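Shown next, in structure tokens, is the structure this report addresses.
The values are calculated or read from the model by the stated rules, or taken from the named source; none is laboratory data. Note that the structure is a prediction, hence the values are computed from the model and not measured. Using ideal geometry, Cβ is built from the backbone for each residue, glycine included, and neighbour counts are taken over all protein chains shown. These accessible areas exclude ligands, DNA and RNA; they are computed on the full protein's heavy atoms, side chains included. Shrake-Rupley method; radii C 1.70, N 1.55, O 1.52, S 1.80 Å.
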Amino acid sequence: MQSEELIRRLAACAEPVRRLPHPIWRAATWFMLSLAYAAGLVFAIGLRPDFSAQVTEPRFVIEIAAALLTSMMAAAAAFCSTCPGRPLWERLAPFPFLIAWLATLGEGCWRDWSLLGPQGLSVEPEFGCFWKIVASSAAPAILILVMVRRGAPIAPYLTTCLATLAAASLSAAAMLLFHRQESSVMVLVWQFGSVIALSGVAALFGRRLLYWRTVNLGPVDDERNSHC
Amino acid sequence: MTNSQSDDAKIARERRWQELMRAAQDGDNAAYVWLLSEILPMLRRVVAYKWPRAPDVEDVVQEVLLSVHTVRHTYDPARPFMPWLMTIATRRTIDAARRRTARSANETTVDVMPETFSGDDTKSEQEISDDQDAIRHALAQLPDGQREAVELMKMKGLSLQEASIETGKSVASLKVSVHRAMKSMREAMKREN
């Protein structure tokens, strides 16, 4: 088929489209819905026994704030990455908050080391933590993937990675409220580590989850019946 | 044309395309045809520039046009049109090049397709005659029952049932006789060769 003929047939079947809302609005919608879901989850499970003591610790508050901001900015970056022509720096937006979160955990590990020595950095196997993050982030992850699929799959691996990072970070923030960890290194390995691992694994499925849609131009010989 | 005139022309073109795309999103088909027709020559240049050795530039250009069509709802009229279009064109050209590389990794280019049968010459009259003699000789060495079974089923072409009626032997017995006869003849011919 000649390109001029293709243009004619594409235009013949072009219907009015509903423009995609601004990525920030889409990110805000997802974040509010997912935050309500996470709040419901915390309410259903109950706050951790030492919550009242922890909430007075600045490090704990910074940790939760960093996880929530990582989630929010990763969602915004994921939505921006599905809009062609937007600046590339937008895709890096969650990383300062991710680094801040890592730094808070690192500071906690340093403090545990100073107080307890090598005992403070011992890591116990706690795979339950990983599965709790997987289970609690499933619904927000499905929601954000459905939402990003409306955009253009120009960077499928990165978009999937950022979308999963958003869902898993929110889940990790919620876990800090209902799941007690004895030391910072355990949070670093089993919560932060799970978030990074899930985002990395999800990125591998980027091409399968986000792909270019096909166009049905209808039969070639009868232009009057062409449809999209 | 001076630089400032060229810049003015580019700005005017950008504004025109933004307006055309906005109209196309609202369902104006004439504006859509106009827009796609105007960007077509530029897309050909971009694809040829991004993938200089593309086997078929027009195929990739058409992929870009189809992609523009499927994601036209992602264009924000408040933002410039060219970066939006160029991102899609670049992405689809890279995708096409990757697909081509992946496909060609499993292909071998050959000038002449290899034949799927042996190139040996046909047998000479003498060789055919020798083979027939060998078969006759091997057949002659068989016990009477086995030779009769081979003659009826392999040379006269009777079915197992027909051969059973002819000889009065059971079908199972004839099967065994033919199997043993063929094995004996094969060994006899190997020995002669």
Region A:165-191, residues that are touching an Asp or Glu at 6+ places or on another chain (Cβ under 7 Å) and within 16 Å of A:Ala139 (Cβ to Cβ)
none
Suppose we filter region A:64-75 for residues that are open to solvent by less than 10 Å² (accessible area, probe 1.4 Å) and not hydroxyl-bearing (Ser, Thr, Tyr); how many remain?
4
Would you please name the residue that is farthest from the other protein chains (Cβ to nearest Cβ), looking only at residues in region B:73-82 that are open to solvent by 20 Å² or more (accessible area, probe 1.4 Å) and in a helix (DSSP H, G or I)?
B:Met82
Conditions: (1) open to solvent by 30 Å² or more (accessible area, probe 1.4 Å); (2) more than 7 Å from chain A (Cβ to nearest Cβ). B:Thr87 meets all but one. Number of the miss?
(2)
Quick one: which of A:Leu158, A:Leu121, A:Leu143 is in contact with a Cys (Cβ under 8 Å, 6 or more places away or on another chain), open to solvent by 20 Å² or more (accessible area, probe 1.4 Å) and touching a residue at least 12 places away in the same chain (Cβ under 8 Å)?
A:Leu121
Return yes or no: is B:Ala31 facing chain A (nearest Cβ under 10 Å), surrounded by 13 or more Cβ atoms within 10 Å (Cβ to Cβ) and of a type in the set (Gly, Ala, Ser)?
yes
Just wondering, is there one or more residues in region A:171-194 that are without any contact (Cβ under 8 Å) to a residue 60 or more places away in the chain and among the aromatic types (Phe, Trp, Tyr)?
no
Just checking, which of B:Ala54, B:Ala24 is among the small types (Gly, Ala, Ser) and either free of Cβ contacts under 8 Å to residues at least 24 places away in the same chain or facing another protein chain (nearest Cβ under 10 Å) (or both)?
B:Ala24
Quick one: in region A:84-99, of everything that is open to solvent by less than 60 Å² (accessible area, probe 1.4 Å) and under 17 Å from the mean Cα position of the chain (by Cα), which residue is nearest to B:Pro80 (Cα to Cα)?
A:Glu90
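Restricting attention to region A:24-32, does a residue exist that is crowded, with 19+ Cβ neighbours inside 10 Å, at pLDDT 95 or above, in contact with a helix residue (DSSP H, G or I) (Cβ under 7 Å, 6 or more places away or on another chain) and more than 21 Å from A:Trp101 (Cβ to Cβ)?
Taking every residue of region A:24-32 in turn, at least one turns out to be crowded, with 19+ Cβ neighbours inside 10 Å, at pLDDT 95 or above, in contact with a helix residue (DSSP H, G or I) (Cβ under 7 Å, 6 or more places away or on another chain) and more than 21 Å from A:Trp101 (Cβ to Cβ).
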Evaluate the following for B:Glu63: is it away from chain A (no Cβ under 14 Å), within 30 Å of A:His22 (Cβ to Cβ) and in a helix (DSSP H, G or I)?
no
Qualifying helices (runs of 4 or more DSSP H) (wholly inside region A:90-180; at least 3 residues being farther than 22 Å from A:Ala36 by Cβ and among the hydrophobic types (A, V, I, L, M, F, W, C))
A:95-116, A:127-148
